[in-house]
Every structure is written in structure tokens, then in C-alpha cells.
């Protein structure tokens, strides 16, 4: 697994191979790989133009789009013009510079009859034909959302029974393409290499979905997989010589190109930012009245001070057992609040994730010790303690109402993978892999109806004292990511079959979450509950909760943010969710409230226990309170959408929120009142500080990259 690149002031630099690989051709998918973040796309173009001509590989784009569509995308998106285009999932081959199509040979028509294909597939009522603009003489394309294996098997059998020799390519949980037996991206790439007399051992590829698999499986080819790749590709490439980047979209491609020695330097995010006047109209209007542009000296100074204060706050939470939830020296607690003087599974894991780019040895040791403490206290069934008390090392396995915190275990698996990926600590993996296996078994046991999703008891996650249960979006997103992370750990331990099984599970979870939590009238089913759910219309975000009897239509801000950051939610739907959240002002007065809209007394979702300790009154705590740790995720969410200036502006606002305090400045409070913006929670909260540091690194707004005198 890759280590996230170390960043300098003007470029991102990584360790280069001892000898640059002599790649003669680079072939990349477009949508979800080089496209999806306009700023990252511009970084790719700038870097590719900077590769000396004598060692620049032939550039090929392989897309499900048709050639003419690819040409338009290249001319309008800012992506580098290629040398060749493989279009229509391998049915087209086009010479860009000479504007010449390579026609299929007469032999290529054997076993292919478009009329017969249309007739056969037209008998399946659950298939919907794609518009004519996506079709060619050698490509029959259909929509089939969340296809079941039995459906794909029936399609292939019916086509074979009709005497057709074809490939059925299914990708992105939606697109079904029927093409000639020779027509795949990989098949077209092989033919192009033969034409150009380039051996496959000199070819590097990049992609993110199932229709890219055929490129990766060509013998001798090496591949780049960005972090946003769908599980269908991850499963197929477990045994292959690929580099999986921790970066997303075009940034992941660039990271991979640097890993393989094709490129040397990557421009800083500020150098490829989208200026307000260059934004698409819908975003330009959305940010009307928002001050954007390169940060001034005052803002740079604020961020530099905030970063240093955040690191100081993290240090306050270092204990012999790992990271405490809040600074023990600065928080006098009584009653149930004594739990704050503990190493928490959830808080500790998020603190680890936020601090992995710090080179401070003491902080890195605390990250390792946090995982040791939690995993060594995990019981024989795989139940991770909710917390471990610092004063005596006693593990607590439940919280308020004696309810277990399911999400703590999920976060620990995710953090364990991130820690190993960053450090390569094989001793850690060898010691704790058996325990992590048992944790995954314990978590899987919560899928009581075998539908892929886990069932959560009421108040059984971070929103303790808040009424959610059964299929809760936040927990399902973490469950999806935990399966990917554990699969990657198994891959590192040379357990290929185990890795593939968990990656396949993550694919099933993703399909179910998108089907259940993103209602749309286009796929309403006949059952009564789904009809009720579809009565929402075409939603703009993932719903907060679904039970067998009802659903919560509210927007769980953290869960929607995590769904994109953890690569469950695609870019287009993430953009919709962002439009909604920004439009309703979840980031005001500070970034960001955890819930919109709040639950009021008398609302069907109201619970009498929301008044316990006055925690979940409207705009309090989990009922619309402002959480700085979520604010850090929010900033990263915006940046990954390709809105660097907006993300920087929100980072400044988050710094100002963290500067607030009850006693003195820079308290990095646990939470703030959703209406007044005043600090309400514990001071020097570890995850508040760590999430801010994480956002600074991702935006290249840490002191190394962001100097007042620049």
C-alpha cells in the first residue's frame, strides 16, 4: 500500500524509483479517473506537458464514451489531448492527430448481429436501452441499476443461445454494454500496441471501474488505481502488479505516475485552483457573496497559528495508553463525564487518521499505542471496547443505557489499515491481524437479515442519546469502508482470497446503500414502503436512517460527507449533496452542523430523553450542534470536489471556530451551539485538533506549504 506523499511549498514530492521505468505508452480511463475534479485534471495536463518529449509515453484514453464524445470532452474539460482514443468500450480506435478511425476487419463481424442482440435483450423487462448517442454499430448499451449476478448470467446465456459471440461488460453498478468478443478496452489496447509495435511490458494503465479490468489483466501491463476506484476493479486486481494510490481521481493517477517514475513533480493545489470566474454557473451562483481567491497574509497567519495550536492540542492528549478524548489536565469532569478521561475507539481512531502525516515521533508513538490499547482490550468475540480508562486501564464496552458503540469497531479497522499503510509496521499487523479478523466477524454478525448492511441499536453509535436505529447511513458508510480496509490488510498479509471476499462484500454494501438511502422515482418498486420512500421524489442527499417501518428524511451531514470521502458516493451525487448542504447553510455560523434540519419537540422523531443533561435540545450536541471535527471533514469534502478556494475559505472559518474558548483562545472545543456558535463541549478535544490538521495537509495549508511571506 502507498504512503501519502510528502508535500513541499510548491510541489508534491514522493520517493522516486531507483531507475525510472521505461514506459512507452500510458492508457487511462477518463470518467472517474482523469475527470471528476477539474483542478486535479488541470494538474494532470500541466504535469504531462512538462514531461520531456523524448521520454513522454504515447497517451491513450480508453473510455465507454464514443470517440466523438471523447473529442468534445477533451476540447472542453482541460484534459490533455491524447495521441489515440479507444472509444465505445473498445469498439472504436481513433488516431487523434490525424483524425482517422481504424475500421474493424470483416472477420470482426463474425458472431455479431445487432438486430438479434436488440431482440434478445428487449425481452428482459428490467433492462432499459440507453440513448442513441451512446450506441454504435458495434455497441449495444443498456441501463441495469444494481444488477444481480443471476441477471447477468441470464443475459449471457440468452445471447449465447442465440448464437452470438459477444462480451457483456457491466460497470458502475448501472451500465451494461454488449460488444463483439474482441471489443474490450483491453482488447483494443492490445491491438493498438501491436499496431505501434509497443510491447505490453512497456504499458502502464489507469482506471476505476469494471470496464477497465480488461486493461489491467493484459500480460505484462502494470496499473494505477486511484483511491476512488469501485470495488469491482479492486477485486479483479488483487493478484496483479498494480499501485493503489491514497489519492483520488487525477491526483491518484499523478501519484501513480510518480510512483512508476514517469513524472517527477506535481504542482501545488493553489497553482491549479478554479478561480470564481471560471466556475460553472450553478456553483458561481451558489457562492455569490462568498469571499474567494488566494488567501491574504492575515488568513495565512491565522492558519499557521491554528495549525501550531492544533498540534499543541493533540500533544495535550498524549497519555501512556494513547490519545485521550480530551485533555485530562484541562478538563475537570464529574459523573458520567469521567468517560472523557479515556482512550476512545472512535475518537482515538479519528485522531490517528488526522495525524498520520505528522512526522513527530511522540505523536506517531501515541497513534500506535492507541491501537495497541484498544485491540489488546478487545474481547474474545471481537467486541472492541468503547473506551479504556487512562487512570486504571479498565475497558468499558458500553455507553449510556448500557448500549454498545458499534461504530468504534468500524473506525478501529479503518484506522488500523491507515496506520499500516503509512508506516509499513509489519510487527503491528502480525500481532493484531487475528484480532481484526474477529472484529470483522463480530461486525458481520450485526447483518442479521443477510442483506449486506448491519443493523444498529438505538443510540448505538457516535450519536448516543439520539434516536436512530436499524439501517443508519453513518454506520453503513463505515461498514463499506471497513470491508475495503480489511481487505487491503489481508492483501498485505498475502491472503488474496480473503481480501477478494471482503472487497466483494464492500461492493454489495455500496449497491445496497445507494439503492436504499438515495430514493429516486426512476426505480420505484411496487412494495408499499418503497412507494412511501419514493414519495420524497428524487432526493438530493443520502437519507439518514431506514428501518423496516419508516425512514428519516433528514440530512445527516457527517454521513453524507463521509460517503464521498470514503468513496461510496460518486462525484455527481456528492455535488448534489454539497449544493443542498451549502444552500441550507449547514456551515453557518461555523463549519459545520451535524444535522439538518434539527428535531423540534413535538416532531415525530423527538424522544423524551433528548432532554437528558440538556444535550439534544434543538441546535445542541447531536441535534444540529456544530462539530469542529466534522468541519475538518467538510473542508476536505469541498476540496475533493475541485473547489480549492472555497475549501480554503471554509478552513479559515474553521480556524476561527477552533480559536473560540470559554476561558482562553484556541480551546478546540468538542462542539458549539448550532445557533449562537458559542463553545459548549469539552476543551482541547483530540479529534477536533486532528481533523483540522488533516484538512490543512490535504489543502496544502500547513506551515511548510503556506508561508506568510509567499
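Rule-based calculations on the coordinates, nothing more; no lab input. Bear in mind the structure is a predicted one, so any value in this text is a computation, not a measurement. Neighbour counts run over all protein chains shown; Cβ positions are idealised from the backbone, glycine included.
Things worth noting here:
- The angle between the Cα long axis of helix 496-517 and the longest principal axis of the Cα atoms of the chain comes to about 80 degrees, rounded to the nearest 10.
- Taking the average, over residues, of other Cβ atoms within 10 Å as the packing measure, peptides 171-179, 286-294 rank 171-179, 286-294 from highest down.
- Each DSSP beta bridge with both residues in the chain is either parallel or antiparallel, and the antiparallel ones are about 70%.
- Extent of the range 260-386 along its three principal axes (Cα atoms, max minus min coordinate, largest first): 56, 45, 29 Å.
- Overall form of the range 325-374 per C-alpha gyration tensor (a/c, 1.5; a/b vs b/c): prolate
- For the Cα trace of the range 643-710, dividing Rg by the Kirkwood Rh returns an Rg/Rh value of 1.01.
- Cβ crowding within 10 Å averaged over residues, with 472-480, 591-599 ranked highest first: 472-480, 591-599
- Where only C-alpha atoms are counted, convex hull volume of the range 138-238 per residue in Å³: 107
- Acute angle (nearest 10 degrees) that the helix 38-50 long axis makes with the longest principal axis of the chain, alpha-carbon atoms: 60
- Pairs of alpha carbons in the range 112-180 separated by more than 16 Å make up 38% of all such pairs.
- Contour excess over end-to-end distance, with Cα ends at residue 606 and residue 588 and 0.36 nm allotted per residue: 4.1 nm
- With the alpha-carbon atoms of the range 221-323 aligned to their principal axes, the span from lowest to highest coordinate is 53, 49, 28 Å, starting with the largest.
- With all pairs of different C-alpha atoms in the average, the Kirkwood value for the hydrodynamic radius of the range 561-710 is 16.0 Å.
- Cβ crowding within 10 Å averaged over residues, with 231-243, 92-104 ranked highest first: 231-243, 92-104
- Kirkwood-based Rg to Rh ratio, the chain, C-alpha trace: 0.96
- Principal axis box of the range 23-171, alpha-carbon based, largest edge first, Å: 53, 35, 27
- Stretch gain in nm, segment residue 126-residue 68, where the contour uses 0.36 nm per residue and the Cα spacing is subtracted: 18.0 nm
- Prolate/oblate/rounded label for the range 616-669 (Cα gyration tensor, a/c 1.5): oblate
- With Cα atoms, 0 to 90° folded angle of helix 644-659 axis to the chain main axis: 10
- Cα pair distances in the range 370-469, grouped into 10 Å bins until the bin that holds the longest one, percent each: 15, 44, 33, 8, 0
- Over the range 543-640 - Rg/Rh using Cα atoms and the Kirkwood inverse-distance radius: 0.98
- Placing pseudo-labels 7 Å out from each Cα toward the beta carbon at residue 394 and residue 362 gives an inter-label distance of 3.0 nm.
- Multiplying the residue separation of residue 497 and residue 676 by 0.36 nm and subtracting their alpha-carbon distance yields 59.2 nm.
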